[in-house]
Amino acid sequence: MNVQRITSDNNPKLKSALRLHSSRGRKQQNRIVIFGLAEISRAIQSRVPIQEVFFDESRPLPDFLKSAESGNFYEMPSSLFEKLVFGDRNDGLVAIAQRPESSFADFTFSENAVIVVLQGLEKPGNVGAVFRSADAAGAEAVFLADPVTDAFHPNAIRASLGTVFSMPTLAVTSSALLEFLKQQKFQVLSACLDVKQDFFDLDLNPRTALVLGNEKRGLTLDWRQGDAVPFQLPMRGAGDSLNVSATAAILVYEAMRQRHPARSE
């Protein structure tokens, strides 16, 4: 393990890492920043290329990093390390990684795969929470159509508990994704507010893409027409909708229930 010490906030490695707090900095460097022990551990398990690890010298390195072979390690005083902390997340460890990349060619699906499509979501916390539910219920991929935010935003990584690294994902245009889903023989089921089709009356056993739209505007027309089947969740109270991440959890677990009606596994 190659460990170097940083003692100044003028250190170029520290300055470069701090720029990754912004979307612009992440795009310019084509790198991401990962906060949290669980998130970093899952990134390593998923073979995300870790380039640098910064840690507070007053706190011991976790065992899963002591045998890590990739990346350079930088120890620093607590006063410097706190500059790297995002929000209130201070586990004494920050990792910098090459941004994971993928294409349609990287995806293969089972015969009755369930995937989630998020179209135009704006809040990274919602995106991350959907990844977490999709992972838990056995979905095979999460696609970001016409993305406004990034699956690898620090808040998305945090809300997902690092499952963004193990769940296959791709950001792409709606038109390209619709064509891909047609080629892959997915039925497209689109969550809407103003339709009569009850979600719980649908058969989710074929290959199924569950599509959710922007938090305020919902889905665009291309996800509501053609072969797509718009549906709504039944609402019994005064409200007309749920948070998009709560909706996603209901959808993927219903898909799991239909495949395993006697149990969940």
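We did not get these values from a lab; they are worked out from the coordinates using the rules stated. The structure presented is a predicted model; accordingly, all values stated were derived computationally and were not measured. We place every Cβ from the backbone using ideal geometry, glycine too, and count neighbours over all the protein chains shown.
Computed quantities for the displayed model
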| read-out | value |
| --- | --- |
| Using a Förster distance of 41 Å, the FRET efficiency for SER166-SER58 (Cβ separation, nearest 0.05) | 0.85 |
| Cα-projected label distance for GLN45 with ASP240, points at 7 Å along beta-carbon direction, nm | 4.2 nm |
| Residue-span extension gain [GLU122 to ARG257] - 0.36 nm each, minus C-alpha spacing | 45.7 nm |
| Cα-projected label distance for GLN4 with SER78, points at 7 Å along beta-carbon direction, nm | 2.6 nm |
| The chain, helix-only ellipticity at 222 nm - DSSP H runs n ≥ 4, -39,500 (n - 2.57), divided by all residues, nearest 500 | -8000 deg cm²/dmol |
| Estimated FRET transfer efficiency (ASP106, VAL195; beta-carbon r; R0 35 Å; 0.05) | 0.55 |
| Reported label for calculated mean projected area of the Cα convex hull in nm² given (1) 17.3; (2) 15.8; (3) 13.4 | (2) |
| Peptides 54-62, 245-253, 127-135 ordered by average Cβ neighbours within 10 Å, highest first | 127-135, 245-253, 54-62 |
| Distance in nm between pseudo-label sites at VAL229 and LYS27 (7 Å out along the Cβ direction from Cα) | 3.8 nm |
| Highest average packing first - 40-50, 3-13, Cβ atoms within 10 Å | 40-50, 3-13 |
| Where only C-alpha atoms are counted, convex hull volume of the range 104-259 per residue in Å³ | 106 Å³ |
